[in-house]
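The values are calculated or read from the model by the stated rules, or taken from the named source; none is laboratory data. Because the structure is a prediction, the values reported are computed rather than measured. A quick note on method: Cβ atoms are made from the backbone with ideal geometry, for glycine too, and the neighbour counts reach across all protein chains shown.
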(Lines give C-alpha, C1' and ligand atoms only; values in the text may rest on other atoms or scores of the structure.)
Protein backbone atom coordinates (compact mmCIF):
# COMPACT_ATOMS: atom_id res chain seq x y z
CA UNK A 1 0.00 0.00 0.00
CA UNK A 2 1.17 3.56 -0.74
CA UNK A 3 0.63 5.26 2.61
CA UNK A 4 -1.03 5.04 5.98
CA UNK A 5 -4.52 3.74 6.56
CA UNK A 6 -7.07 6.48 6.12
CA UNK A 7 -10.18 4.90 7.59
CA UNK A 8 -10.97 1.93 9.76
CA UNK A 9 -14.41 0.72 10.75
CA UNK A 10 -14.48 -2.13 13.22
CA UNK A 11 -17.12 -4.79 13.63
CA UNK A 12 -17.11 -6.81 16.84
CA UNK A 13 -19.02 -9.94 16.03
CA UNK A 14 -19.14 -13.61 16.77
CA UNK A 15 -20.85 -14.84 19.88
CA UNK A 16 -22.00 -11.56 21.41
CA UNK A 17 -24.56 -8.87 20.56
CA UNK A 18 -23.83 -6.33 23.25
CA UNK A 19 -20.27 -5.51 24.24
CA UNK A 20 -19.70 -4.10 27.70
CA UNK A 21 -16.80 -1.77 27.23
CA UNK A 22 -14.72 -2.33 30.29
CA UNK A 23 -11.45 -1.10 28.91
CA UNK A 24 -9.21 -2.54 31.56
CA UNK A 25 -10.58 -6.01 30.83
CA UNK A 26 -11.33 -5.76 27.12
CA UNK A 27 -7.88 -4.67 26.01
CA UNK A 28 -4.54 -5.47 27.49
CA UNK A 29 -2.82 -2.09 27.31
CA UNK A 30 0.56 -3.64 28.05
CA UNK A 31 0.57 -5.43 24.72
CA UNK A 32 0.54 -4.03 21.20
CA UNK A 33 -2.37 -5.41 19.15
CA UNK A 34 -1.54 -7.46 16.09
CA UNK A 35 -3.70 -7.03 13.01
CA UNK A 36 -3.93 -10.27 11.06
CA UNK A 37 -4.81 -9.80 7.41
CA UNK A 38 -7.45 -12.12 5.99
CA UNK A 39 -5.82 -14.89 3.95
CA UNK A 40 -7.50 -18.16 3.03
CA UNK A 41 -4.11 -19.89 3.22
CA UNK A 42 -3.66 -18.81 6.85
CA UNK A 43 -6.92 -19.33 8.76
CA UNK A 44 -7.39 -18.22 12.34
CA UNK A 45 -5.98 -20.18 15.25
CA UNK A 46 -6.67 -19.67 18.93
CA UNK A 47 -3.28 -17.94 19.18
CA UNK A 48 -4.97 -15.05 17.37
CA UNK A 49 -7.35 -14.60 20.34
CA UNK A 50 -5.32 -12.87 23.06
CA UNK A 51 -7.94 -10.54 24.55
CA UNK A 52 -9.34 -10.87 28.08
CA UNK A 53 -12.83 -12.46 28.07
CA UNK A 54 -15.73 -10.17 28.95
CA UNK A 55 -16.82 -11.01 32.52
CA UNK A 56 -20.21 -12.68 32.96
CA UNK A 57 -20.59 -13.19 29.19
CA UNK A 58 -22.55 -16.31 28.27
CA UNK A 59 -20.53 -16.75 25.09
CA UNK A 60 -17.35 -18.72 24.70
CA UNK A 61 -15.54 -16.47 22.22
CA UNK A 62 -15.65 -13.19 20.32
CA UNK A 63 -13.73 -12.05 17.26
CA UNK A 64 -13.03 -8.43 16.34
CA UNK A 65 -12.68 -7.98 12.58
CA UNK A 66 -12.22 -4.68 10.77
CA UNK A 67 -12.55 -3.23 7.29
CA UNK A 68 -9.62 -0.97 6.40
CA UNK A 69 -9.64 1.60 3.61
CA UNK A 70 -6.33 2.63 2.06
CA UNK A 71 -5.09 4.39 -1.04
CA UNK A 72 -3.09 2.38 -3.57
CA UNK A 73 -0.87 4.62 -5.69
CA UNK A 74 -0.32 1.88 -8.28
CA UNK A 75 -4.04 1.40 -8.92
CA UNK A 76 -4.63 5.10 -8.32
CA UNK A 77 -7.69 4.44 -6.19
CA UNK A 78 -8.83 3.42 -2.74
CA UNK A 79 -8.88 -0.26 -1.82
CA UNK A 80 -10.38 -2.15 1.11
CA UNK A 81 -8.93 -5.03 3.06
CA UNK A 82 -9.74 -6.92 6.25
CA UNK A 83 -7.85 -7.49 9.47
CA UNK A 84 -8.47 -9.15 12.83
CA UNK A 85 -7.39 -7.55 16.13
CA UNK A 86 -5.91 -10.20 18.40
CA UNK A 87 -6.28 -8.11 21.58
CA UNK A 88 -9.98 -7.45 21.00
CA UNK A 89 -10.65 -11.11 20.16
CA UNK A 90 -10.95 -13.54 23.04
CA UNK A 91 -11.92 -17.09 23.93
CA UNK A 92 -12.53 -19.17 27.00
CA UNK A 93 -12.15 -22.59 25.36
CA UNK A 94 -9.85 -24.12 22.75
CA UNK A 95 -12.71 -25.74 20.84
CA UNK A 96 -12.13 -26.31 17.11
CA UNK A 97 -15.81 -26.21 16.19
CA UNK A 98 -16.18 -22.84 17.91
CA UNK A 99 -13.02 -21.60 16.17
CA UNK A 100 -14.57 -22.45 12.80
CA UNK A 101 -17.67 -20.45 13.72
CA UNK A 102 -15.47 -17.43 14.48
CA UNK A 103 -13.50 -17.96 11.26
CA UNK A 104 -16.69 -17.56 9.25
CA UNK A 105 -17.42 -14.28 11.03
CA UNK A 106 -14.02 -13.23 9.70
CA UNK A 107 -14.97 -14.56 6.25
CA UNK A 108 -18.18 -12.51 6.25
CA UNK A 109 -16.11 -9.39 6.83
CA UNK A 110 -13.84 -10.37 3.94
CA UNK A 111 -16.89 -10.89 1.72
CA UNK A 112 -18.08 -7.34 2.30
CA UNK A 113 -14.60 -5.94 1.73
CA UNK A 114 -14.65 -7.64 -1.67
CA UNK A 115 -18.03 -6.09 -2.40
CA UNK A 116 -16.58 -2.70 -1.56
CA UNK A 117 -13.53 -3.30 -3.75
CA UNK A 118 -15.72 -4.25 -6.69
CA UNK A 119 -17.58 -0.96 -6.31
CA UNK A 120 -14.36 1.04 -5.92
CA UNK A 121 -12.79 -0.59 -8.99
CA UNK A 122 -15.70 0.51 -11.19
CA UNK A 123 -15.44 4.18 -10.23
CA UNK A 124 -13.17 6.43 -12.25
CA UNK A 125 -12.32 8.87 -9.48
CA UNK A 126 -13.40 8.76 -5.85
CA UNK A 127 -12.41 11.17 -3.12
CA UNK A 128 -11.70 9.91 0.38
CA UNK A 129 -15.07 11.25 1.52
CA UNK A 130 -16.91 9.37 -1.24
CA UNK A 131 -15.04 6.15 -0.47
CA UNK A 132 -15.85 6.53 3.23
CA UNK A 133 -19.55 6.99 2.50
CA UNK A 134 -19.63 3.76 0.51
CA UNK A 135 -17.68 2.06 3.28
CA UNK A 136 -20.33 3.08 5.79
CA UNK A 137 -23.05 1.55 3.58
CA UNK A 138 -21.10 -1.69 3.30
CA UNK A 139 -20.49 -1.85 7.05
CA UNK A 140 -24.19 -1.46 7.80
CA UNK A 141 -24.88 -4.43 5.53
CA UNK A 142 -21.98 -6.32 7.12
CA UNK A 143 -23.26 -5.69 10.64
CA UNK A 144 -26.70 -6.99 9.66
CA UNK A 145 -25.29 -10.16 8.07
CA UNK A 146 -23.09 -10.87 11.10
CA UNK A 147 -26.25 -10.64 13.19
CA UNK A 148 -28.18 -12.98 10.86
CA UNK A 149 -25.33 -15.50 10.91
CA UNK A 150 -25.51 -15.79 14.69
CA UNK A 151 -29.31 -15.78 14.82
CA UNK A 152 -29.87 -18.49 12.20
CA UNK A 153 -27.08 -20.75 13.46
CA UNK A 154 -27.82 -20.02 17.13
CA UNK A 155 -24.17 -18.99 17.47
CA UNK A 156 -23.10 -22.24 15.82
CA UNK A 157 -25.19 -24.57 18.00
CA UNK A 158 -27.46 -25.65 15.11
CA UNK A 159 -25.03 -27.76 13.10
CA UNK A 160 -27.07 -28.14 9.90
CA UNK A 161 -27.66 -24.40 9.71
CA UNK A 162 -24.02 -23.72 10.60
CA UNK A 163 -22.98 -25.96 7.71
CA UNK A 164 -25.39 -24.21 5.36
CA UNK A 165 -24.09 -20.77 6.31
CA UNK A 166 -20.51 -21.94 5.75
CA UNK A 167 -21.54 -23.10 2.27
CA UNK A 168 -23.39 -19.84 1.66
CA UNK A 169 -20.39 -17.74 2.67
CA UNK A 170 -17.90 -19.85 0.70
CA UNK A 171 -19.98 -19.71 -2.48
CA UNK A 172 -20.46 -15.95 -2.07
CA UNK A 173 -16.70 -15.45 -1.70
CA UNK A 174 -16.20 -17.41 -4.91
CA UNK A 175 -18.39 -14.94 -6.78
CA UNK A 176 -15.63 -12.40 -6.18
CA UNK A 177 -12.80 -14.71 -7.28
CA UNK A 178 -11.50 -15.44 -10.76
CA UNK A 179 -12.34 -19.12 -11.24
CA UNK A 180 -15.71 -19.18 -9.42
CA UNK A 181 -14.77 -22.62 -8.07
CA UNK A 182 -15.36 -24.29 -11.44
CA UNK A 183 -13.13 -27.34 -12.07
CA UNK A 184 -12.88 -28.95 -15.52
CA UNK A 185 -11.45 -32.34 -16.46
CA UNK A 186 -9.83 -31.58 -19.81
CA UNK A 187 -9.69 -35.23 -20.83
CA UNK A 188 -13.37 -36.00 -20.31
CA UNK A 189 -14.94 -32.53 -20.59
CA UNK A 190 -16.65 -32.82 -17.18
CA UNK A 191 -17.04 -29.58 -15.20
CA UNK A 192 -18.35 -29.07 -11.67
CA UNK A 193 -18.29 -26.31 -9.11
CA UNK A 194 -16.57 -27.05 -5.81
CA UNK A 195 -16.78 -24.64 -2.90
CA UNK A 196 -13.41 -25.58 -1.44
CA UNK A 197 -10.26 -26.79 -3.20
CA UNK A 198 -11.03 -30.38 -4.34
CA UNK A 199 -8.63 -33.32 -4.44
CA UNK A 200 -7.93 -34.97 -7.78
CA UNK A 201 -7.96 -38.77 -8.04
CA UNK A 202 -7.12 -41.17 -10.83
CA UNK A 203 -7.59 -44.93 -10.46
CA UNK A 204 -9.48 -48.00 -11.67
CA UNK A 205 -12.87 -49.21 -10.52
CA UNK A 206 -12.83 -52.17 -8.17
CA UNK A 207 -15.41 -54.15 -10.13
CA UNK A 208 -14.24 -54.20 -13.76
CA UNK A 209 -10.94 -52.33 -13.82
CA UNK A 210 -12.40 -49.42 -15.80
CA UNK A 211 -10.33 -46.23 -15.82
CA UNK A 212 -11.78 -43.60 -13.50
CA UNK A 213 -10.68 -40.06 -12.71
CA UNK A 214 -12.28 -37.11 -11.02
CA UNK A 215 -12.42 -34.70 -8.09
CA UNK A 216 -13.73 -34.91 -4.54
CA UNK A 217 -14.21 -32.40 -1.76
CA UNK A 218 -15.20 -32.61 1.89
CA UNK A 219 -16.90 -29.75 3.67
CA UNK A 220 -20.04 -28.86 5.64
CA UNK A 221 -20.00 -32.45 6.98
CA UNK A 222 -20.61 -33.55 3.39
CA UNK A 223 -18.69 -35.31 0.62
CA UNK A 224 -18.88 -34.19 -3.02
CA UNK A 225 -17.60 -36.28 -5.95
CA UNK A 226 -17.59 -35.68 -9.72
CA UNK A 227 -15.83 -38.26 -11.86
CA UNK A 228 -15.54 -39.76 -15.34
CA UNK A 229 -15.56 -43.43 -16.39
CA UNK A 230 -13.71 -44.52 -19.51
CA UNK A 231 -16.37 -47.14 -20.16
CA UNK A 232 -14.90 -48.55 -23.35
CA UNK A 233 -17.22 -51.55 -23.51
CA UNK A 234 -20.25 -49.40 -22.89
CA UNK A 235 -21.11 -48.60 -26.48
CA UNK A 236 -24.82 -49.25 -26.83
CA UNK A 237 -25.39 -49.48 -23.08
CA UNK A 238 -28.10 -47.25 -21.67
CA UNK A 239 -27.52 -44.82 -18.85
CA UNK A 240 -30.16 -46.61 -16.78
CA UNK A 241 -28.31 -49.94 -17.18
CA UNK A 242 -25.08 -48.30 -16.14
CA UNK A 243 -26.82 -46.71 -13.17
CA UNK A 244 -28.29 -50.00 -11.98
CA UNK A 245 -24.92 -51.73 -12.28
CA UNK A 246 -22.78 -49.18 -10.46
CA UNK A 247 -25.22 -47.80 -7.88
CA UNK A 248 -25.56 -51.14 -6.11
CA UNK A 249 -23.22 -51.73 -3.18
CA UNK A 250 -23.12 -54.09 -0.23
CA UNK A 251 -22.67 -51.26 2.24
CA UNK A 252 -25.78 -49.23 1.48
CA UNK A 253 -29.55 -49.54 1.55
CA UNK A 254 -30.93 -48.38 -1.78
CA UNK A 255 -34.07 -46.29 -1.55
CA UNK A 256 -34.92 -45.11 -5.07
CA UNK A 257 -33.58 -45.28 -8.62
CA UNK A 258 -35.12 -43.09 -11.30
CA UNK A 259 -34.36 -41.98 -14.85
CA UNK A 260 -34.77 -38.27 -15.56
CA UNK A 261 -35.08 -37.43 -19.29
CA UNK A 262 -33.84 -33.87 -18.86
CA UNK A 263 -33.89 -31.71 -21.98
CA UNK A 264 -30.19 -30.79 -21.93
CA UNK A 265 -28.64 -33.87 -20.33
CA UNK A 266 -30.62 -36.97 -19.27
CA UNK A 267 -29.37 -38.72 -16.18
CA UNK A 268 -30.16 -41.51 -13.76
CA UNK A 269 -30.43 -40.77 -10.05
CA UNK A 270 -30.15 -43.16 -7.10
CA UNK A 271 -30.76 -42.37 -3.44
CA UNK A 272 -29.66 -44.60 -0.58
CA UNK A 273 -28.57 -44.76 3.05
CA UNK A 274 -25.47 -46.31 4.53
CA UNK A 275 -25.87 -49.40 6.70
CA UNK A 276 -26.48 -47.61 10.00
CA UNK A 277 -28.69 -45.05 8.18
CA UNK A 278 -26.67 -42.11 9.47
CA UNK A 279 -25.59 -40.94 6.00
CA UNK A 280 -27.80 -40.18 3.01
CA UNK A 281 -26.21 -40.67 -0.40
CA UNK A 282 -27.40 -39.13 -3.66
CA UNK A 283 -25.86 -40.42 -6.90
CA UNK A 284 -26.23 -39.28 -10.48
CA UNK A 285 -25.05 -41.04 -13.63
CA UNK A 286 -24.65 -39.19 -16.93
CA UNK A 287 -23.63 -40.07 -20.48
CA UNK A 288 -21.89 -37.61 -22.77
CA UNK A 289 -20.34 -38.72 -26.03
CA UNK A 290 -18.87 -42.18 -25.52
CA UNK A 291 -18.19 -41.84 -21.80
CA UNK A 292 -20.16 -42.24 -18.59
CA UNK A 293 -19.98 -39.84 -15.66
CA UNK A 294 -20.71 -40.14 -11.98
CA UNK A 295 -21.47 -37.53 -9.33
CA UNK A 296 -22.45 -38.04 -5.71
CA UNK A 297 -23.15 -36.15 -2.51
CA UNK A 298 -23.12 -37.60 1.00
CA UNK A 299 -24.64 -35.78 3.98
CA UNK A 300 -25.94 -36.48 7.49
CA UNK A 301 -29.32 -38.19 7.30
CA UNK A 302 -31.48 -35.66 9.13
CA UNK A 303 -35.22 -35.43 8.63
CA UNK A 304 -35.02 -31.68 9.17
CA UNK A 305 -31.84 -31.22 7.14
CA UNK A 306 -33.38 -29.16 4.33
CA UNK A 307 -30.11 -27.24 4.15
CA UNK A 308 -28.23 -30.31 2.92
CA UNK A 309 -30.72 -30.74 0.07
CA UNK A 310 -30.15 -27.16 -1.02
CA UNK A 311 -26.38 -27.64 -1.08
CA UNK A 312 -26.75 -30.97 -2.91
CA UNK A 313 -28.95 -29.43 -5.60
CA UNK A 314 -26.54 -26.53 -6.10
CA UNK A 315 -23.67 -28.96 -6.66
CA UNK A 316 -25.57 -31.21 -9.08
CA UNK A 317 -26.86 -28.21 -11.02
CA UNK A 318 -23.29 -27.01 -11.57
CA UNK A 319 -22.30 -30.14 -13.52
CA UNK A 320 -21.84 -29.71 -17.27
CA UNK A 321 -19.94 -31.22 -20.20
CA UNK A 322 -17.95 -29.57 -22.98
CA UNK A 323 -15.47 -30.13 -25.78
CA UNK A 324 -11.88 -29.42 -24.66
CA UNK A 325 -9.84 -29.49 -27.87
CA UNK A 326 -8.76 -25.87 -27.50
CA UNK A 327 -7.22 -26.61 -24.10
CA UNK A 328 -4.90 -29.26 -25.55
CA UNK A 329 -4.00 -27.17 -28.59
CA UNK A 330 -3.10 -24.28 -26.29
CA UNK A 331 -1.16 -26.58 -23.98
CA UNK A 332 0.83 -28.00 -26.89
CA UNK A 333 1.62 -24.52 -28.21
CA UNK A 334 2.87 -23.27 -24.85
CA UNK A 335 4.99 -26.39 -24.24
CA UNK A 336 6.32 -26.66 -27.81
CA UNK A 337 5.03 -30.23 -27.86
CA UNK A 338 5.61 -30.67 -31.59
CA UNK A 339 9.30 -31.18 -30.82
CA UNK A 340 8.80 -33.56 -27.91
CA UNK A 341 8.75 -36.91 -29.72
CA UNK A 342 11.47 -39.09 -31.22
CA UNK A 343 11.03 -41.63 -33.99
CA UNK A 344 12.29 -45.09 -33.08
CA UNK A 345 14.33 -47.22 -35.45
CA UNK A 346 12.15 -50.24 -34.72
CA UNK A 347 9.38 -51.43 -36.98
CA UNK A 348 7.42 -53.60 -34.55
CA UNK A 349 6.67 -53.19 -30.89
CA UNK A 350 8.14 -56.61 -30.11
CA UNK A 351 11.50 -55.94 -31.76
CA UNK A 352 14.69 -54.76 -30.12
CA UNK A 353 15.29 -51.03 -30.13
CA UNK A 354 16.78 -48.23 -28.04
CA UNK A 355 18.25 -50.81 -25.65
CA UNK A 356 14.95 -52.41 -24.65
CA UNK A 357 12.47 -54.94 -25.96
CA UNK A 358 8.72 -55.19 -25.55
CA UNK A 359 7.50 -58.77 -25.57
CA UNK A 360 4.00 -58.37 -24.12
CA UNK A 361 1.37 -56.00 -25.52
CA UNK A 362 -1.87 -55.68 -23.59
CA UNK A 363 -5.03 -53.90 -24.71
CA UNK A 364 -5.98 -52.45 -21.32
CA UNK A 365 -8.73 -50.33 -19.84
CA UNK A 366 -6.32 -48.61 -17.44
CA UNK A 367 -5.81 -45.59 -19.67
CA UNK A 368 -8.23 -42.67 -19.52
CA UNK A 369 -7.89 -40.93 -22.85
CA UNK A 370 -9.44 -38.19 -24.90
CA UNK A 371 -10.31 -39.56 -28.35
CA UNK A 372 -7.39 -38.54 -30.62
CA UNK A 373 -8.25 -35.52 -32.75
CA UNK A 374 -6.84 -33.28 -35.48
CA UNK A 375 -6.35 -29.55 -35.28
CA UNK A 376 -6.88 -27.19 -38.23
CA UNK A 377 -3.35 -27.88 -39.52
CA UNK A 378 -3.96 -31.63 -39.60
CA UNK A 379 -1.69 -32.43 -36.65
CA UNK A 380 -2.84 -35.39 -34.54
CA UNK A 381 -3.28 -34.92 -30.77
CA UNK A 382 -3.03 -37.86 -28.37
CA UNK A 383 -3.77 -37.11 -24.71
CA UNK A 384 -4.34 -39.56 -21.88
CA UNK A 385 -3.90 -40.31 -18.19
CA UNK A 386 -2.17 -43.39 -16.78
CA UNK A 387 -4.54 -44.35 -13.98
CA UNK A 388 -3.20 -47.74 -12.89
CA UNK A 389 0.52 -47.14 -12.40
CA UNK A 390 2.65 -44.45 -10.80
CA UNK A 391 4.64 -42.08 -12.99
CA UNK A 392 8.00 -43.32 -11.70
CA UNK A 393 7.12 -46.89 -12.75
CA UNK A 394 6.64 -45.90 -16.41
CA UNK A 395 9.63 -46.22 -18.72
CA UNK A 396 8.20 -44.27 -21.64
CA UNK A 397 5.04 -43.53 -23.61
CA UNK A 398 4.54 -44.99 -27.03
CA UNK A 399 2.41 -44.43 -30.14
CA UNK A 400 2.33 -46.77 -33.14
CA UNK A 401 0.93 -46.00 -36.59
CA UNK A 402 -0.05 -49.06 -38.63
CA UNK A 403 2.42 -50.96 -36.41
CA UNK A 404 5.18 -49.68 -38.69
CA UNK A 405 6.11 -46.30 -37.25
CA UNK A 406 6.80 -46.04 -33.54
CA UNK A 407 7.05 -42.81 -31.61
CA UNK A 408 8.14 -42.81 -28.00
CA UNK A 409 8.50 -40.02 -25.46
CA UNK A 410 9.26 -39.72 -21.78
CA UNK A 411 6.59 -39.32 -19.13
CA UNK A 412 6.31 -35.57 -18.61
CA UNK A 413 3.16 -35.10 -16.52
CA UNK A 414 0.19 -36.94 -15.10
CA UNK A 415 -1.69 -36.14 -18.30
CA UNK A 416 0.40 -37.35 -21.23
CA UNK A 417 0.37 -35.40 -24.49
CA UNK A 418 1.89 -36.16 -27.88
CA UNK A 419 1.34 -34.15 -31.04
CA UNK A 420 2.21 -35.84 -34.35
CA UNK A 421 2.64 -33.37 -37.24
CA UNK A 422 0.59 -33.87 -40.37
CA UNK A 423 3.78 -34.52 -42.38
CA UNK A 424 4.37 -37.79 -40.47
CA UNK A 425 0.85 -39.15 -40.81
CA UNK A 426 -0.60 -41.40 -43.53
CA UNK A 427 -2.91 -39.68 -45.98
CA UNK A 428 -5.53 -42.39 -45.60
CA UNK A 429 -7.21 -43.97 -42.58
CA UNK A 430 -4.71 -45.76 -40.37
CA UNK A 431 -4.40 -47.93 -37.29
CA UNK A 432 -3.30 -46.20 -34.11
CA UNK A 433 -2.06 -47.69 -30.86
CA UNK A 434 -0.90 -45.64 -27.90
CA UNK A 435 -0.04 -46.30 -24.29
CA UNK A 436 2.94 -46.80 -22.02
CA UNK A 437 5.70 -49.27 -21.22
CA UNK A 438 6.40 -50.18 -17.61
CA UNK A 439 9.89 -50.55 -16.21
CA UNK A 440 10.95 -54.16 -15.89
CA UNK A 441 10.99 -55.64 -12.38
CA UNK A 442 12.25 -58.96 -10.99
CA UNK A 443 8.92 -60.68 -11.66
CA UNK A 444 8.81 -59.80 -15.35
CA UNK A 445 10.92 -61.33 -18.07
CA UNK A 446 10.56 -58.33 -20.34
CA UNK A 447 8.84 -54.98 -20.76
CA UNK A 448 5.03 -54.75 -20.85
CA UNK A 449 3.16 -52.38 -23.16
CA UNK A 450 -0.32 -51.29 -22.00
CA UNK A 451 -2.14 -49.68 -24.88
CA UNK A 452 -5.33 -48.65 -26.57
CA UNK A 453 -5.96 -49.67 -30.18
CA UNK A 454 -8.21 -48.14 -32.78
CA UNK A 455 -8.54 -46.68 -36.25
CA UNK A 456 -8.17 -43.04 -37.21
CA UNK A 457 -10.50 -42.18 -40.09
CA UNK A 458 -9.33 -39.55 -42.56
CA UNK A 459 -12.21 -37.51 -43.96
CA UNK A 460 -11.42 -36.40 -47.49
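Which members of segment 419-433 meet the condition of being out of contact with any helix residue (DSSP H, G or I) (no Cβ under 7 Å at 6 or more places or on another chain) and buried (at least 16 other Cβ atoms within 10 Å of the Cβ)?
420, 425, 430, 432, 433
Among the residues of segment 337-360, is any in contact with a helix residue (DSSP H, G or I) (Cβ under 8 Å, 6 or more places away or on another chain), at pLDDT 80 or above and either part of a helix (DSSP H, G or I) or closer than 21 Å to residue 406 by Cα (or both)?
Within segment 337-360 (the criterion being in contact with a helix residue (DSSP H, G or I) (Cβ under 8 Å, 6 or more places away or on another chain), at pLDDT 80 or above and either part of a helix (DSSP H, G or I) or closer than 21 Å to residue 406 by Cα (or both)), the answer is no, since none of the residues qualifies.
Determine the pairs where a residue that is at negative phi and outside any strand (DSSP E or B), located within segment 67-82, has a partner that is at pLDDT 90 or above and surrounded by fewer than 16 Cβ atoms within 10 Å (Cβ to Cβ) with Cβ atoms under 9 Å apart, the partner being 6 or more residues away or on another chain.
75/121
Conditions: (1) part of a strand (DSSP E or B); (2) within 28 Å of residue 322 (Cα to Cα). Residue 376 meets all but one. Number of the miss?
The single condition residue 376 does not satisfy is (1).
Residue check: is residue 401 crowded, with 17+ Cβ neighbours inside 10 Å, touching a strand residue (DSSP E or B) at 6+ places or on another chain (Cβ under 8 Å) and at pLDDT 90 or above?
Criteria met by residue 401.
Could you say which residue among 16, 52 is modelled with pLDDT of 65 or more and either assigned to a loop (DSSP other than H, G, I, E, B) or loosely packed, with under 14 Cβ neighbours inside 10 Å (or both)?
52
Of everything in segment 412-445, what is more than 17 Å from residue 374 (Cβ to Cβ) and either modelled with pLDDT under 80 or assigned to a helix (DSSP H, G or I) (or both)? Give them in sequence order.
412, 413, 414, 440, 441, 442, 443, 444, 445
Pairs please, first residue from segment 314-333 and in contact (Cβ under 8 Å) with a residue 24 or more places away in the chain and not assigned by TED's automatic domain parsing to the domain that holds residue 224, second anywhere and surrounded by 15 or more Cβ atoms within 10 Å (Cβ to Cβ) and in a helix (DSSP H, G or I), Cβ atoms under 8 Å, 6+ apart in sequence or on different chains.
Final answer for the pair search is 331/337.
Quick one: residue 136 ticks every box in (1) part of a helix (DSSP H, G or I); (2) within 27 Å of residue 217 (Cα to Cα) bar one, so which box is it?
Residue 136 satisfies all of (1) part of a helix (DSSP H, G or I); (2) within 27 Å of residue 217 (Cα to Cα) except (2).
Being at pLDDT 95 or above and either touching a strand residue (DSSP E or B) at 6+ places or on another chain (Cβ under 7 Å) or on the phi > 0 side of the Ramachandran plot (or both) is the requirement here; does residue 154 meet it?
Considered against the rule, which asks whether it is at pLDDT 95 or above and either touching a strand residue (DSSP E or B) at 6+ places or on another chain (Cβ under 7 Å) or on the phi > 0 side of the Ramachandran plot (or both), residue 154 comes out as yes.
Being buried (at least 19 other Cβ atoms within 10 Å of the Cβ) and modelled with pLDDT under 95 is true for just one of 262, 211. Which residue is that?
211
Do any residues in segment 271-291 that are on the phi > 0 side of the Ramachandran plot and assigned by TED's automatic domain parsing to the domain that holds residue 261 have Cβ atoms under 8 Å from those of residues that are at pLDDT 90 or above and assigned to a strand (DSSP E or B), where the two are at least six apart or on different chains, and which pairs are they?
Every condition considered, the pairs that remain are 289/321.
Surrounded by 12 or more Cβ atoms within 10 Å (Cβ to Cβ), at pLDDT below 90 and under 22 Å from the mean Cα position of the chain (by Cα): which single residue out of 184, 218, 245, 205 fits that description?
Answer to the selection: 205.
Against the definition (surrounded by 12 or more Cβ atoms within 10 Å (Cβ to Cβ), more than 31 Å from the chain's Cα centre (by Cα), in contact (Cβ under 8 Å) with a residue 12 or more places away in the chain and under 18 Å from residue 66 (Cβ atoms)), how does residue 111 come out, yes or no?
Judged against the criteria, residue 111 is not a match.
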